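J.: Have a look at this one before I ask anything.
The values are calculated or read from the model by the stated rules, or taken from the named source; none is laboratory data. None of the values given here were measured: they were computed from a predicted structure. Glycine gets a Cβ as well: all are built from the backbone with ideal geometry, and neighbour counts include every protein chain shown.
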Amino acid sequence: MKIHTIPFQETGYFSSLIGDYLNKDGKISDFYGNFPDIVGFKNQIKLKENFLSEKREQLVNTLNKQCKSINLSEKSQNNIDALISSNTFTITTGHQLNIFTGPLYFLYKIVSTINLAEQLKTEFPENNFVPVYWMATEDHDFEEINYFNFKGKKVVWDRASSGGVGRLDTEGFDIVFESFSEELGNSNNAKFIKNLFKEAYLQHKNLTEATRYLVNKLFGQYGLVIVDGDEKELKKQFSPIVKDELLNKTSFAEVSKTNERLGENYNIQVNPREINLFYLKDNLRERIVFEKELYKVNNTNLVFSEDEIINELNKYPERFSPNVIMRPVYQETILPNLCYIGGGGELAYWFQLKDYFNKIDTPFPILLLRNSVLLVSEKQVIKLKKLNVSIFELFNKQELLADKKVKEISNIKIDFSEQKEALNKQFEKLKQIAKLTDASFIGAVLAQEKKQINGLEKLEKRLLKAQKRKYIDTLDRLKIIQDELFPNQSLEERTRNFSEIYLNLGEKLIPMIFDSLEPLKLEFTIIEY
């Protein structure tokens with residue numbers, strides 16, 4: 001196994017916002033707190049060291065209740081128990097309840113989180129650090145999670161959906177299992193995948209329980225703690241912020257002001273609503289809107305006066321569900337958290353929240369870009385060597401890569417720079433002559449110069465096109481391998497499911513990822529296996 005890294009900024013797959021953040025550019029400095037390095041974590045520990053003991057006690061009680069249905073490892077149980085102590089802090093990542101983990105980067109998120117917790121234990125031995133996976137059980141974007149990709153095909157859980165996805169029963173997964181099993185074959189690794197899928201989705205009653213089982217099965221031995229925020233006792237702690245949101249619409253005011261400043265240099269990821277809360281009950285999750293001095297639940301007949309909705313909040317805090325703007329605040333309210341680990345898109349909307357956190361007097365966590373990975377097999381490495389192509393070159397867009405390789409291997413020089421330079425010299429002489437006569441002749445010289453240069457550029461493009469036809473076999477082989485590693489001209493981790501890799505590597509896969517990733521290195525990782 002060989003490990004290579006490349007700066008995120010050089011991959012071509014990350015925004016200028018993320019590049020500026022990693023470079024500590026001044027344009028982004030107002031929108032985050034401590035930077036993800038050892039000094040930053042030292043400062044963050046001080047910020048969070050006064051996390052309330054009653055919150056810790058409630059968190060531990062809730063986690064023990066939620067985890068009764070799974071076989072917790074000793075390490076995970078010890079981590080839960082440790083959360084009662086004032087010197088214990090969490091490192092958190094979160095994700096939707098994608099079927100069978102969804103894209104590969106789900107694994108990289110969690111590995112980044114566990115690895116960072118372990119690294120911080122070494123750096124700060126007087127403290128404990130617990131890796132947390134926050135399940136987005138209250139999310140209702142079913143179309144985003146009801147499938148995963150396997151060998152270029154979608155494996156889909158096709159059913160009707162409403163309300164928070166975590167509450168959905170697992171009806172219909174038997175059909176998904178049958179079709180998926182046919183694709184897997186009967187190797188030992190395939191049998192493991194089948195059993196894992198069956199145990200998670202056919203032996204649990206809802207998507208929350210299935211996902212908790214699956215993630216614990218994959219990462220429980222490493223001490224991961226799994227949190228479900230769809231819980232009354234945890235929502236009670238969040239109630240004061242929810243009340244402020246309902247009465248004062250604080251998040252809308254603060255995030256809107258932040259967006260104006262952030263939007264001067266970057267694209268805005270999400271726009272706040274006047275009230276950034278949903279009403280959650282049974283199979284219902286709909287926005288709360290404020291109209292004509294009344295609080296209404298969108299697309300329903302539910303209407304509340306101010307007193308009624310505050311009374312509803314006091315009685316049923318679990319019915320108030322945060323949206324993408326409020327969920328980060330909820331996490332930081334109930335967890336003694338130091339750092340949130342996410343992808344580029346996630347960090348982009350966290351940057352929008354810094355002023356809001358300040359307004360409600362809540363410590364803003366360190367934001368860490370998760371590890372990103374390209375997995376390259378030994379066979380693919382051999383093919384690349386035969387083509388005389390480096391792994392790093394594959395990050396180029398396909399057309400640019402093809403142009404580059406043809407120019408390298410062509411027996412004809414596909415570069416008319418010398419001819420253009422010679423032409424420029426000839427026209428410089430003509431321009432000197434033109435200065436001795438009238439302006440109309442100078443215009444004719446300039447027009448002719450432009451025409452001649454354009455002609456050379458067209459010939460250069462035609463020659464390149466002709467040489468591409470000549471080397472079509474090489475280019476086809478190059479395209480095939482780039483398509484394998486960058487499906488649909490995107491990062492592999494954003495489309496491919498872990499099961500596809502597990503078929504080949506089996507139980508070596510996850511330990512290999514753990515051994516390869518360094519969360520604070522802040523570079524893209526390439527693993528040759």
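J.: Kindly indicate whether K243 is farther than 29 Å from E274 by Cα, over 24 Å from the mean Cα position of the chain (by Cα) and not in a loop (DSSP other than H, G, I, E, B). Walk me through it before giving the result.
T.: On the way: farther than 29 Å from E274 by Cα: no; over 24 Å from the mean Cα position of the chain (by Cα): yes; not in a loop (DSSP other than H, G, I, E, B): yes.
When the stated conditions are applied, K243 does not pass them.
J.: Sticking with this one: Against the condition within 24 Å of E260 (Cα to Cα) and basic (K, R), how does K359 come out, does it pass?
T.: yes
J.: Specify which of the listed residues (L63, L47, L59, L72) is in the same structural domain as E118 (by TED's automatic domain parsing), more than 15 Å from N337 (Cα to Cα) and not in a loop (DSSP other than H, G, I, E, B).
T.: Numbers: L47 fails: more than 15 Å from N337 (Cα to Cα); L59 fails: more than 15 Å from N337 (Cα to Cα); L72 fails: not in a loop (DSSP other than H, G, I, E, B).
Only one candidate qualifies: L63.
J.: For Y13, all conditions in the list (1) among the aromatic types (F, W, Y); (2) part of a loop (DSSP other than H, G, I, E, B); (3) under 26 Å from F364 (Cα atoms) hold save one; what is the number of the exception?
T.: Condition not satisfied by Y13: (3).
J.: Quick one: in the range 162-217, of everything that is among the aliphatic types (A, V, I, L, M) and surrounded by fewer than 17 Cβ atoms within 10 Å (Cβ to Cβ), which residue is farthest from N64 (Cα to Cα)? Give the derivation first.
T.: Step one: filter the range 162-217 for residues among the aliphatic types (A, V, I, L, M), giving 165, 168, 175-176, 184, 190, 193, 196, 200, 202, 207, 210, 214-215.
If we keep only those that are surrounded by fewer than 17 Cβ atoms within 10 Å (Cβ to Cβ) too, we end up with 175, 202.
Numbers: I175: 33, L202: 24 Å.
That would be I175.
J.: Moving on. Cβ-Cβ under 6 Å, sequence separation 6+ or interchain: first residue in the range 75-94 and in a strand (DSSP E or B), partner polar (S, T, N, Q) and surrounded by fewer than 16 Cβ atoms within 10 Å (Cβ to Cβ). Which pairs?
T.: Filtered contacts from the range 75-94: no entries.
J.: Kindly indicate which of V329, V406 is in contact (Cβ under 8 Å) with a residue 12 or more places away in the chain, closer than 24 Å to T11 by Cα and buried (at least 19 other Cβ atoms within 10 Å of the Cβ).
T.: Working: V329 fails: closer than 24 Å to T11 by Cα.
Answer to the check: V406.
J.: Filter the range 290-313 for residues that are more than 15 Å from V242 (Cβ to Cβ) and surrounded by 15 or more Cβ atoms within 10 Å (Cβ to Cβ) and give the result. It would help to see each step written out before you state the result.
T.: Let us first name the residues in the range 290-313 that are more than 15 Å from V242 (Cβ to Cβ), namely 291-294, 296, 298-303, 305, 307.
Hits for the range 290-313 are K296, L302.
J.: Within the set of pairs 6 or more residues apart or between chains, which connect a residue that is assigned by TED's automatic domain parsing to the domain that holds D355 and in contact (Cβ under 8 Å) with a residue 60 or more places away in the chain inside the range 9-34 to a residue that is among the aromatic types (F, W, Y) and surrounded by fewer than 17 Cβ atoms within 10 Å (Cβ to Cβ) with Cβ atoms less than 9 Å apart?
T.: E10/F392
J.: Residues being farther than 21 Å from L83 by Cβ and among the hydroxyl-bearing types (S, T, Y): count how many of those fall in the range 312-371.
T.: Of the residues in that region, 4 qualify.
J.: Sticking with this one: For the range 16-44, give me each residue that is outside any loop (DSSP other than H, G, I, E, B) and hydroxyl-bearing (S, T, Y). Break it down into steps so the answer makes sense when it comes.
T.: Here is the first cut: in the range 16-44, the residues outside any loop (DSSP other than H, G, I, E, B) are 16-22, 29-31, 38-44.
Selection gives S16, Y21, S29.
J.: Counting just the residues of the range 273-289 that are free of Cβ contacts under 8 Å to residues at least 60 places away in the same chain and outside any strand (DSSP E or B), which one comes out surrounded by the most Cβ atoms within 10 Å (Cβ to Cβ)?
T.: N276
J.: Still on this model: Could you pull out the residue among F219, F197, F192 that is assigned by TED's automatic domain parsing to the domain that holds I80, closer than 27 Å to V329 by Cβ and touching a Phe, Trp or Tyr at 6+ places or on another chain (Cβ under 9 Å)?
T.: On the way: F197 fails: closer than 27 Å to V329 by Cβ; F192 fails: closer than 27 Å to V329 by Cβ.
One residue alone meets the criteria, F219.
J.: Looking at G172, G229, which one is at pLDDT 95 or above and on the phi > 0 side of the Ramachandran plot? Before you say what the answer is, go through the steps one by one.
T.: On the way: G229 fails: on the phi > 0 side of the Ramachandran plot.
One residue alone meets the criteria, G172.
J.: Test I481 against the criterion of being surrounded by 11 or more Cβ atoms within 10 Å (Cβ to Cβ), farther than 17 Å from E399 by Cβ and β-branched (V, I, T), and give yes or no.
T.: On the way: surrounded by 11 or more Cβ atoms within 10 Å (Cβ to Cβ): yes; farther than 17 Å from E399 by Cβ: no; β-branched (V, I, T): yes.
Against the criterion (surrounded by 11 or more Cβ atoms within 10 Å (Cβ to Cβ), farther than 17 Å from E399 by Cβ and β-branched (V, I, T)), I481 does not qualify.
J.: Just to confirm my filter: which helices (runs of 4 or more DSSP H) fall fully inside the range 447-529 and include at least 2 residues that are over 22 Å from the mean Cα position of the chain (by Cα) and of a type in the set (V, I, T)? Can you show your working first?
T.: Numbers: elements: 472-485, 498-505, 509-516.
Of the helices (runs of 4 or more DSSP H) lying wholly inside the range 447-529, those with at least 2 residues that are over 22 Å from the mean Cα position of the chain (by Cα) and of a type in the set (V, I, T) span 472-485.
J.: Oh, and also: What are the residues in the range 367-383 that are among the hydrophobic types (A, V, I, L, M, F, W, C), more than 30 Å from E332 (Cβ to Cβ) and either surrounded by fewer than 20 Cβ atoms within 10 Å (Cβ to Cβ) or touching a Cys at 6+ places or on another chain (Cβ under 7 Å) (or both), if any?
T.: Restricting attention to the range 367-383, the residues satisfying the condition of being among the hydrophobic types (A, V, I, L, M, F, W, C) are 367-369, 373-376, 381-382.
Checking which are more than 30 Å from E332 (Cβ to Cβ) leaves us with 374-376, 381-382.
V381, I382, listed by residue number.
J.: Here is a check on your reading of the model: is K257 within 24 Å of N311 (Cα to Cα) and either in contact with a Gly (Cβ under 9 Å, 6 or more places away or on another chain) or not in a loop (DSSP other than H, G, I, E, B) (or both)?
T.: On the way: within 24 Å of N311 (Cα to Cα): no; either in contact with a Gly (Cβ under 9 Å, 6 or more places away or on another chain) or not in a loop (DSSP other than H, G, I, E, B) (or both): yes.
Criteria not met by K257.
J.: Given the options S516, S490, name the one that is in contact (Cβ under 8 Å) with a residue 60 or more places away in the chain and buried (at least 19 other Cβ atoms within 10 Å of the Cβ). Outline the logic, then answer.
T.: Values: S490 fails: buried (at least 19 other Cβ atoms within 10 Å of the Cβ).
Sole residue among the options that is in contact (Cβ under 8 Å) with a residue 60 or more places away in the chain and buried (at least 19 other Cβ atoms within 10 Å of the Cβ): S516.
J.: Right, here's the next one. Look at the range 461-487 and say how many of its residues are out of contact with any helix residue (DSSP H, G or I) (no Cβ under 9 Å at 6 or more places or on another chain) and in contact (Cβ under 8 Å) with a residue 40 or more places away in the chain.
T.: In the first step, residues of the range 461-487 are kept if they are out of contact with any helix residue (DSSP H, G or I) (no Cβ under 9 Å at 6 or more places or on another chain); the result is 461-463, 465-466, 469, 472-473, 476.
Subset that is in contact (Cβ under 8 Å) with a residue 40 or more places away in the chain: 463.
The number of residues fulfilling the criteria is 1.
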